[in-house]
Structure formats: structure tokens, C-alpha cells
Amino acid sequence: MLATSYGDGNGGVCMRARVGTALMGVLAAAALLTACGSDEPAATATPAATAEPTPTAAPTATAIPEATPTPRSGAVFTRYLRAQGLLRSGQYDQAIPQFDVVLRFFPDFAEAYHGRGLAYYNDDRRDFALADFDKAIELKPDYADAYRNRGVLYTNRGDLSLGIPDLRRALLLYEQDGDEEQAAEVRSLLAGILP
């Protein structure tokens, strides 16, 4: 038990005890404060009876789940970098499974959906590409690259009513980010589409 002392203003010393249970602490503090607040001699507090401990039920055995190996985030990041490298080198069919692994462990990683979408697009699997661009935009609504690439996909399909708004959204986002190089590219795309 720890105790601290302080003066009562009349030259006496009162003790404030800190006890283990909350109830005993409240009762002891109230008794001590009452005694220290008066000019009468402090009464000795009688210790309160402690409650009998309640028995706890014996723990039941639970099945230990079988350990499944999971790669550290560094290994998954390495896969992502490998997938990006394969994408840049034009090895789209090899990049897709690398993105698949990344997305299995990080299903909310918008950039991986976008990368896999690019690989699908360049591998002539446009429906899969569209689904991945949609998911990237859903996860990251200000993802200018995904808007641009989805807009290009739509316009290449001849669906200008969906492609132009995506390209305009991408242009706005690039301008807001100060990315003039990408903004100029989208302006050029729009100039080639619009009359």
C-alpha cells in the first residue's frame, strides 16, 4: 500500500492512502478527508471487510487455428514492384498474376488494381481492364490516372458519352495536383476527340 501525506493547514499531517480496490479507496479517502477537514482529532478508520472472491469457471479448451504462412508486407511490396516492372517492359501476361498476389493480401490497394487494369487492357482483355479501373476509382475517387485510362478505354470502344467525362475528370485532377505534363496529354486527347 502506498501513502502520501499533506498538511491539513493546522500543523497536522493527514494521510491519503491509495488502496488496491476502488471501493476501499473511495471509503478510505472519504474517511480521511472528513477527518482532515475538522479541528477534532482524526478518527481511526476501521478496515472494511473484503468480499470473498468469486470462483471463475475453468477455461475451456479451444481449437488452435492452423497457422497459414503469410508473406511479410515487404515480400508483397516486392511483388508489386516486380509487377510494375513487367508492365513497363510489356510482359502483360506475366504482370497480371503478380498483381493478383498483391491484391490477395491488400484488396484495397487502388494502384494495384490500376496496374492490373493496364496489363489487362494491353493484353486485349478490355472487360477485365474496365472492372479494375472501376475498382481503382471506387477505392481512390481522386485517382487521375485511373480516370484517364478508363476514359481512353471508353473512347476507344466508341463510347464517348462515358469516355469524355472521365477524361475531363482526369484533366481537372491533374490540374489540381499541378501535374502540367499529364494535364497537357489529356488536353491533347480531348482535342483529338472533340469537334
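The values are calculated or read from the model by the stated rules, or taken from the named source; none is laboratory data. Computed from a predicted model, the values in this text were never measured in an experiment. Note that we place each Cβ from the backbone using ideal geometry, even for glycine, and neighbour counts take in every protein chain shown.
For segment 125-134: of the residues being within 29 Å of the chain's Cα centre (by Cα) and of a type in the set (D, E, K, R), which is surrounded by the most Cβ atoms within 10 Å (Cβ to Cβ)?
The residue in question is ASP132.
Yes or no: segment 105-113 includes at least one residue that is among the charged types (D, E, K, R) and at pLDDT 95 or above.
Taking every residue of segment 105-113 in turn, at least one turns out to be among the charged types (D, E, K, R) and at pLDDT 95 or above.
Looking at (1) of a type in the set (Gly, Ala, Ser); (2) loosely packed, with under 15 Cβ neighbours inside 10 Å; (3) touching a Phe, Trp or Tyr at 6+ places or on another chain (Cβ under 9 Å), find the lone condition where GLY192 falls short.
Failing condition for GLY192: (3).
When you scan segment 109-124, do you find a residue that is in a loop (DSSP other than H, G, I, E, B) and within 16 Å of the chain's Cα centre (by Cα), even just one?
Within segment 109-124 (the criterion being in a loop (DSSP other than H, G, I, E, B) and within 16 Å of the chain's Cα centre (by Cα)), the answer is yes, since at least one residue qualifies.
Looking at GLY151, is it within 19 Å of GLY117 (Cβ to Cβ) and of a type outside the set (D, E, K, R)?
When the stated conditions are applied, GLY151 passes them.
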